[in-house]
Every structure is written in C-alpha cells, then in structure tokens.
1. Of all the residues that make up segment 48-64, how many are of a type outside the set (S, T, N, Q) and not in a helix (DSSP H, G or I)?
2. Among 30, 13, which is on the phi < 0 side of the Ramachandran plot, exposed (fewer than 10 other Cβ atoms within 10 Å of the Cβ) and touching a residue at least 60 places away in the same chain (Cβ under 8 Å)?
3. Go through the residues of segment 85-99 one by one and say whether even a single one is among the basic types (Lys, Arg) and surrounded by fewer than 18 Cβ atoms within 10 Å (Cβ to Cβ).
4. For segment 22-59, which residues satisfy the criterion of being more than 10 Å from the ligand (Cβ to nearest atom), within 22 Å of residue 104 (Cβ to Cβ) and not hydrophobic (A, V, I, L, M, F, W, C)?
5. If you check 143, 181, 119, 155, which single one turns out to be of a type in the set (Lys, Arg) and under 18 Å from residue 43 (Cβ atoms)?
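Values in this text are rule-based calculations from the coordinates and carry no lab data. Remember, predicted model here, so these are calculated numbers, not experimental data. Note that we place each Cβ from the backbone using ideal geometry, even for glycine, and neighbour counts take in every protein chain shown.
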Amino acid sequence: MDKIALGPKTLLYPMPTVLVGANVGGKPNYMTAAWCGMACMAPPMISVAISHVRHTLKGIEENKTFSINVPPVRELVKTDYVGITPGARVDKSKVFESFYGKLKTAPMVKECSVSLECKLFNTMDCGSHVLAVGEIMETYVDKPVVAGGAPDIKKVDPIIYSDGRYYRIGDFVADAYSAGKAYMKE
Ligand SMILES: Cc1cc2nc3c(=O)[nH]c(=O)nc-3n(C[C@H](O)[C@H](O)[C@H](O)COP(=O)(O)O)c2cc1C
C-alpha cells in the first residue's frame, strides 16, 4: 500500500478562515478560526473549536451569543492580525467595523460579506479546545455578492486555510448532487 501513516493529525482539506466575534466585557472582540464547520440543518447550526485560553471564548460564555464572519481576501491582513493578537492583551475592538443584529450582543464584521449571528446551543470540552455549537439565528449578506438569490462564492472571495498558508477559491468543476449521475449510467 502506497500510504504513509502520519499519526493522529487534524488534517482536513480545505479549511475555512472565519472571524469569530463575541462581546467581552461589553466590547467587540474578534479571533480567526479555521476549525469551523456546519453542525445541523434544522435548526441551522455551526460549530467552532476554540482553545480554552482565547479571550473570545470568555465573551461567548458571558453572553451565550457569537458570530461567524467570512472575510474576503482583501481583508486578509486584518484577518491574520486578529489571529495572532490576543484580545486579553490588545484591544481589537476597532480593527473591524462592528454591527449588531437581533441578538444585540453578537458583534459582526461589516467588512465581511457573509455574517452568521448565533445563539450558543451547547459547548463540549474536547481537551485543548472547546467545541462551541451555535444556532444560526440570522444571516447577513452584502447585496453586491448576491446573484440569483444566493451569495456567489467568487464574489464572497473567502480565504482558504491550509498548512499555515492562505489560498483563494479555485475553478468551478461540476454541479453537486448531479455529477454522480454519470456513474449511475455506467
Ligand atoms: C489562520 C488561523 C486559524 C486559527 N484557527 C483557530 C481555531 O480554529 N481555534 C482557535 O482556538 N484558535 C485559532 N487561531 C488562533 C486564534 O485566532 C488566536 O490565538 C487569537 O489571537 C485569539 O484571539 P483572542 O484571544 O482575542 O480570542 C487561528 C489563528 C489563525 C491565524
């Protein structure tokens, strides 16, 4: 078998790059996260793995609300900055322009064309990280990125994270829930 066993690793391709927002002591704080993914369809839920030491986690526990924001490539420098700067030491509240939605306590990033406003559903202590699961209560999308009623991924221009490097989305290759039909005919 032409495989190499690397031992237990957190390898997954690709990973997103998102900004997790939470109010800490009444002030917005943002951190970068790559360990984020969908958790449930009905009701819509999202999960993010957050280290115990993160300032952002304090805010999530304090308010039981948070946001997940998808930064575009043009916001890469600030996105990386909040991922290398701890909010416990540095005030990051003005790095991005914040806005609030119906939950009132989950700060969201104006510069991101997609923002998910979440109510904390549950947390699971997995060891080094806490898995925070949030119910998505509202979705905010910039009008210019919407095409045919839904955001266009090329216009959202998300940042992909992999192995300590950032990438941009690639080419369209096929329609999902459809490409497999070619195999059925064989
Ligand atoms: C690309 C990237 C991805 C990251 N992903 C995560 C993550 O999924 N979970 C996590 O706890 N920290 C992650 N971090 C680290 C935090 O963003 C970083 O420690 C940040 O300074 C925490 O801010 P806070 O203490 O203000 O919450 C990531 C950092 C970068 C640059």
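1. Total meeting the criteria: 7.
2. Answer to the check: 13.
3. So far as segment 85-99 goes, yes, one or more of its residues are among the basic types (Lys, Arg) and surrounded by fewer than 18 Cβ atoms within 10 Å (Cβ to Cβ).
4. Selection gives 23, 25, 26, 27, 28, 43, 44.
5. 119
Rundown of residues vs (1) out of contact with any strand residue (DSSP E or B) (no Cβ under 7 Å at 6 or more places or on another chain); (2) touching a residue at least 40 places away in the same chain (Cβ under 8 Å); (3) closer than 26 Å to residue 152 by Cα, yes/no style:
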residue: 69; (1), (2), (3): no, yes, yes
residue: 79; (1), (2), (3): no, yes, yes
residue: 86; (1), (2), (3): yes, no, no
residue: 89; (1), (2), (3): yes, no, no
residue: 96; (1), (2), (3): no, yes, yes
residue: 122; (1), (2), (3): no, no, no
